[in-house]
Amino acid sequence: MANGIGRCLHEWGINKIFTVTVDNVSSNDVTIKELSKQLTKMGTNLMNGTHLHVRFMAHIMNLVVQDGLKESSVSIEHVRHAVRYVRQSPARLKRAVEFESAFSHYASSEIGLRHYLEHSYIDVGIPTGELLSSDWENVKRITKFLEIVYLLTLKISGSRYVTSNIHFLETCTVVVYLKQLIANEDTILSEMTKNMKEKFDKYWGDRGKMNKIIFISCSLDPCYKLESVSYALVKMFGVDLGATIQAEVTKYMTSLFSEYSSKHPKYRTFRITHTRYKKYKSGSGGVDTRTELDKYVGEETEDDTKEFDVLLWWKLNSARFPILEEMAHDVLAVPISSLASEYWLRNKKLKQPVSVEEDLDKIEQLEQDLSSNGKDLSIIDV
């Protein structure tokens, strides 16, 4: 695979690769390692390829949810069976929750539904049983979690805006809510979410496997910077481990900035002269010896509004931060998601950019078709 990619890059005249975004099958690990070796031979492997491999976050989230839902809680099955009786077809949990009062009233007056629940089975030998108010509360909690993951999937699947700067904090929101579900009094619901957390930790629990570029992209958003990354890391991993990872992120960001600094035209031209000037002025205390990175980190964050345009901000501030602007240009361009190639088969004449929001129904239908063939499109149904 790596050789095939290498040949394509050669044919296209591309010899510099910042990151490669792929899903989490083990064969991709081998491919990226081999590709990294090729880039090293070409002398274009920035930071020795340590941030080359970006794991497709939406795919990870899909695996997390699917693994957890294999062990659905009793409450979810109660509600699903009630919906199935009324509609004679499966329905989304979110839609069912909207009609909680109607279902509860119907269950109290309809003998047929009560008989159905008593004689239907969640699993072999386990009857569904009566639909309780606690079932609705548990379903609301899991539905909220699924909606959080669903919205995360939509946000990081966009093709018309920057996604690398937002997905880490969105992912943190998912993890925090997962922890709340684990602490739930419903032991079955708690166990179900523990399975999800274990799956998540498989990909994110080992900080050695974390691509630090996902933290740096968030840091290069002036609405967030390193302070937001630090806060989120503590929420996800606890005080001690969170602080350790933050220190590693800061160190990596400084190293990456140094790489860009050493290759920047202005830096190469004026490095010697400027160094001598700083030494001369520092003796009299009349020079600011901070780097661009120091100044950027030290400034107040911008207001996080819907109107804020991170790319426009860097364009307008490129004169103040010429090296950081070049670095942000590359980091913020990193795609956090990818899409199965089978998706394009639905419309060979597709000319417009992909819009997951607009095409969701078609994607869901395609996912069902692919699932029946043992394939996965990573779209989560709420």
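Computed values, structure above
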read-out	value
Cα convex hull volume per residue for the stretch 1-55 (Å³)	69
Where the stretch 154-223 is the region considered: accessible area per residue in Å², 1.4 Å probe	39
Extension gain, N3 back to D304 (0.36 nm per residue minus Cα-Cα distance, nm)	104.0 nm
Backbone HN-Hα couplings from phi across the stretch 60-69 [Karplus 6.51/-1.76/1.60, Hz, Gly and Pro as x]	4, 4, 4, 4, 4, 5, 4, 5, x, 6
Where the stretch 1-55 is the region considered: accessible area per residue in Å², 1.4 Å probe	61
Ranking by accessible area, most exposed first, for I216, I148 with a 1.4 Å probe	I148, I216
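The values are calculated or read from the model by the stated rules, or taken from the named source; none is laboratory data. Only a predicted model underlies this, so the values are computations on that prediction, with no experimental measurement involved. Just so you know, the surface numbers come from the protein's heavy atoms only, side chains and all, with ligands and any DNA or RNA stripped out. Shrake-Rupley method; radii C 1.70, N 1.55, O 1.52, S 1.80 Å.
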